[in-house]
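First up is the structure itself, then whatever we jot down about it.
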Amino acid sequence: MATEKIVKIDKAAFFNERSNILKLLASNPKLLLADTELKLAGTELKPGNTYYEELKCVGYNPNTNKLFATFEVKREFGYSGPLCTAGSYEHLRFFINYGSGWLDQGSVSVNVHDIPTQKDCAGKLTKPVSYTATIRLQDVKRNSCKKEILPQVKVILSWSIPIPPNNVNYPPVWGNSQTCKIQIKPWYFTIPDLDLTKDSFIPNLLTKAQLNPDLTVNQLTELVNLETGELENPISLQTYLPKEMDWTEAVELAQKENRELDTLRLVSQELVAVKNNPELFATVQRKFQLLPEFNLLAILDNYEKTKADVSYEELTCLGLDYNLNRLTATFKIKRPYGYVGDLCHQGGKEYIAFWADWNDDCKWTYLGTSAVEVHNLRQIDKGGICYSVSLYENLEKFRKQCSNTNVVKVRAVLSWFTAPSTTNPEELNTYGNRLDEYVQLKPKSEGGDSCIAVLGGIPTSEINAISGLTTSTAKFALNGLTPDSLGRPCPFDGRIVVQGIPYLGKRYKLSVRNLSSSSVWTDVVTPIRVVNGMGFGNMHYPHSDGYFDYLSDYQNIDDILAWWNAPESGLWEVRLQVEGTTIVCIHRIRINKINAMADISISAAGGPGTGNCQDYQPGDPLNGTFVARSPVGFFKSYSLYTNIPGPSITQIPAGIATNPTGVSGDPWTFTIPVTTKKCGYYVGVTAYDRTIIDSTHTGRHSSKTVGLCVR
C-alpha cells in the first residue's frame with residue numbers, strides 16, 4: 001500500500017509563495033483549474049491547506065431560505081495587508097444536491113486583512129477570528145409536510161483564487177470544503193373542492209383573499225359558505241397553523257416504531273409550567289398517568305439535574321457576516337426524534353441568545369435572541385441537520401475607523417424549548433451549550449457614516465464622489481464580488497437599489513436629479529418589496545407626502561430604502577432626507593444606457609466566394625474585420641466565435657479581449673478545417689460593457705453573427 005508523501009514546508013518560503021500568489025496566477029492562469037499537487041517556487045503544496053484559514057460550518061435557515069458558511073482566519077499575516085489597505089479575499093462557492101446532482105447556488109467573497117493578535121481581558125489570544133458568508137438559496141424545491149426534503153449542501157472556501165462555477169470538486173490551494181444536510185421548509189397548500197356555480201362565490205372569495213392575504217385557497221374557502229356563497233364569520237389564522245402533536249400521538253408512534261421514548265423531552269412544556277407554578281403538579285401527573293412507568297417526581301428530579309445536554313442539539317459555529325455586519329450562529333440537530341412534532345405538526349424552537357464584550361473588560365452585553373423551529377425528521381443520519389440563525393440587530397454604532405482593528409469577543413447560548421437567560425450570560429438550560437468566538441467588525445469609511453450605505457449594489461465609499469463611477473477597489477456589498485476584474489470604473493443602469501441603516505421611529509424621503517440636464521429634484525415614490533426575518537416578503541409603500549417609514553432590521557433584513565429606475569443617461573445625484581433631523585445624504589451616480597457595439601464581416605477568402613453569406617470549401621482561409629467597443633468608454637470585453645468545429649478565430653495581430661477594437665474594426669482570420677462537413681455555419685462577435693445592471697451584475701452585451709456555407 002502506497003504511503004502519502006509528507007512535505008515539510010519552510011514557513012518563510014510558504015509565506016513568500018502565499019504573498020506572491022497573484023503574481024503566480026498572472027503567469028500561470030491554468031492554476032485556477034488545478035486538480036493536482038502544485039509545485040510553486042520549488043515547494044510542493046497540496047490543495048486543501050488550512051494553515052491560514054479553514055471553513056468550519058455550513059448551515060441553513062428554512063424561514064429565510066438563506067445558506068450560511070462560517071470560516072476562521074487563524075494567522076495575523078498572510079492576507080496581503082493590514083486594515084486601511086485592500087487586503088485580500090476569501091471566496092466561497094455554495095452547492096446543493098437534492099439527490100440528482102450538484103446545483104451551483106453562487107459565490108460570496110469576504111474581505112480579510114492582516115490583523116495583529118492581542119490578548120483579551122482574560123489573557124486569551126484573539127485568534128482565530130470567525131467570519132460568516134451568506135447567500136440566498138436559488139433552487140428551493142419544496143413538497144408537502146408529509147415528505148421530508150433534506151438535501152446535501154457543500155461549500156468550498158478558497159483564499160485569493162475564485163472558484164470556477166459548477167466545479168463542485170474544485171480543490172482550493174488554501175482552503176477546504178464542508179458538507180451538511182439541511183431541511184427545506186414544506187408548503188401546506190392544498191386544492192379544495194370548489195363549487196364555482198354560485199354567482200357570489202368567486203367575488204366573496206376574492207374579497208376574503210384581500211382581507212386575509214396570509215391564508216391559502218383551502219383556508220379561504222372555509223370562510224365562505226359553499227351552499228350560499230356568503231361570507232362566514234372570520235376564523236383566526238391560528239386555526240390553520242400546523243397543529244400541536246398530542247403527547248398520546250407521540251407515545252403511540254414510538255410504540256409502533258419500537259423505539260425508546262424520551263419522556264423528559266416529551267413533557268418539557270409541562271415541566272417548565274410545574275417549575276414556575278408547583279400547584280400544577282397534580283394536573284400534570286393526571287395528564288400523563290397513561291404513560292408507561294411515568295413518575296413525575298423522578299422526571300422533575302432528572303430535569304433539575306440535566307444541564308447543557310448536547311445529545312440532541314449542539315451549537316457548532318458563531319461568526320460575523322463581514323458584508324452584512326450581522327452575527328450568525330450555526331447548530332446541528334443530531335437525532336430523528338425528540339423535537340415535539342414532525343413537519344405536519346408544531347415542532348420545538350431552538351433559541352440562541354447573543355452577547356458581546358464590546359469594551360474588552362470581561363463584561364457581557366446582551367444583544368438579542370433569535371429562534372428557529374425544528375422538527376422530528378425520520379431521515380436524519382449520523383451527520384445531523386444543520387441550521388443557522390442570525391441576529392437582526394443593527395451593529396452600525398459599534399463600527400470604528402480602519403485604524404482600529406475592532407476585534408470583539410462574542411458569545412452565543414443555545415437552548416431548546418425555553419429561551420436562554422437575558423441577564424446571565426453564564427447560565428445554561430437543560431439542553432444546549434454556549435460558544436465564544438472573536439469577530440471583526442467592518443470598519444467605517446474614513447469619511448464617516450452615511451444614511452445611504454449602498455447604492456446600486458456598491459458601497460457608497462466605493463463610488464467616486466465626483467464621477468459617480470465605481471472605484472478601482474469596488475465590490476458588490478452583498479457578495480463581495482468585483483464588478484470589473486481589472487478595477488476599471490463602472491456606471492449603472494436598470495433598477496438602482498438604495499440601502500442604508502434605519503433611523504427607527506423616523507421617516508425618510510429619496511429624491512433624484514440629473515445634473516446633466518436639470519437642477520430640479522424629483523421624489524422617488526416607487527413601492528419597495530422587503531423581506532423580514534422569517535423569510536416572508538411584502539410591499540412597503542410611501543405616504544402621500546412621499547415619505548417612507550423606516551423599518552427595523554428584522555422587518556427589512558436587507559435594509560432596502562428605495563427602488564429607482566433612472567429614465568436617461570447622465571450624472572445623477574441621489575438625495576436622502578431623514579424627517580425631523582438635519583441628516584441629509586447626497587451621492588452621485590453615473591447612469592449609462594448606451595450598450596457596447598458589436599459588428600463582424602467576412603471580407604475575403606481563397607475560395608470561390610467572398611464576403612458574407614457566401615459558399616466556401618474545406619481548407620479555405622476566412623478573413624474579415626470585427627468591431628467590439630463602447631461608444632461612451634465603458635467597454636469590458638469581447639469574444640469571437642464560430643460554430644465550425646476546430647480551432648478558434650484568431651485576431652490579427654493577437655489582441656487582448658479586454659481591450660476595445662478601433663472605430664473601423666480589427667482584422668481576424670480563420671481556416672476552415674479540411675474535415676468540416678457540408679453545412680451552413682456562422683462567425684460572430686459579442687461585445688460586453690461594464691455597466692452594473694439592476695444593482696446585481698455586469699455583462700450587458702450586444703452580438704452580431706454572419707453566415708456562410710461550406711460545400
Contact order normalised by residue count of segment 490-545, Cα under 8 Å, 6+ apart, percent: 20
Estimated inter-spin distance, residue 187 and residue 286, nm [label 7 Å along Cα→Cβ]: 4.6
Surrounding net charge for residue 365, when Lys and Arg each add one and Asp and Glu each subtract one, Cβ distance under 13 Å: 0
Unsatisfied cross-links (Cα-Cα over 26 Å) in the set 66/124; 185/349; 46/124; 74/185; 334/397; 66/147: 66/124; 46/124; 74/185; 334/397
Estimated distance in nm for a label pair at residue 65 and residue 307, the labels positioned 7 Å out from Cα along Cα-to-Cβ: 4.3
Size descriptor, Kirkwood hydrodynamic radius, that averages inverse alpha-carbon separations across segment 594-711, Å: 14.7
Relative intensity, log₁₀ I(q)/I(0), of segment 52-124 from a Debye sum that treats every alpha carbon as a point, q = 0.12, 0.18 Å⁻¹: -0.49, -0.86
Extension gain, residue 262 back to residue 615 (0.36 nm per residue minus Cα-Cα distance, nm): 119.0 nm
Solvent-accessible surface ranking, highest first, for 132, 365 at 1.4 angstrom: 365, 132
C-alpha center-to-center spacing [segment 663-691, segment 306-371] in angstrom: 57
Förster radius 51 Å - calculated FRET efficiency between residue 362 and residue 244 (Cβ-Cβ, nearest 0.05): 0.75
Over segment 323-367: Rg over Rh, Cα atoms, Kirkwood Rh: 1.16
Which of 672, 652 is most accessible, then next, and so on - probe 1.4 Å: 652, 672
Paramagnetic reach from residue 696 (point 7 Å along Cα→Cβ, amide N under 16 Å) across segment 483-498: 483, 493-498
With all protein chains modelled, accessible area of residue 301 [1.4 Å, Å²]: 80
Projected-area mean, segment 506-593, by convex hull of Cα positions, square nanometres: 6.3
Carbon/sulfur fraction of accessible area - segment 511-599, other protein chains in place, 1.4 Å, %: 51
Per-residue SASA entry for residue 593, accessible area with 1.4 Å probe, Å² rounded to 10: 80
Cα-only Debye scattering, segment 129-177: base-10 log of I(q)/I(0) at q = 0.13, 0.20, 0.25 Å⁻¹: -0.47, -0.86, -1.09
Loop-located trypsin sites (Lys or Arg not before Pro) in segment 347-413 whose Cβ has at most 14 other Cβ within 10 Å (DSSP): 363, 378, 382, 400
Distance in nm between pseudo-label sites at residue 77 and residue 674 (7 Å out along the Cβ direction from Cα): 6.0
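Among 383-390, 477-484, how do they line up by average Cβ neighbours within 10 Å per residue, starting with the highest?
Descending mean neighbour count gives 383-390, 477-484.
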Rounded if a/c under 1.5, otherwise prolate or oblate - segment 470-551, Cα gyration tensor axes: oblate
Segment residue 146-residue 538, length gained on full extension (0.36 nm per residue, minus Cα span): 138.3 nm
With DNA, RNA and ligands ignored, accessible area of residue 307 (1.4 Å probe; Å², nearest 10): 110
List 245, 597, ordered by accessible area with a 1.4 Å probe, largest first: 597, 245
Modelled FRET efficiency - R0 25 Å, residue 393 with residue 121, Cβ distances, 0.05 increments: 0.60
Convex hull of Cα atoms in segment 399-510, direction-averaged projection (nm²): 11.2
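The values are calculated or read from the model by the stated rules, or taken from the named source; none is laboratory data. On a predicted model such as this, the values are computed, not experimentally measured, just so you know. Every residue, glycine among them, receives a Cβ derived from its backbone with ideal geometry; neighbour counts consider all protein chains shown. Heavy atoms of the whole protein, side chains included, go into the accessibility calculation; ligands, DNA and RNA do not. Shrake-Rupley method; radii C 1.70, N 1.55, O 1.52, S 1.80 Å.
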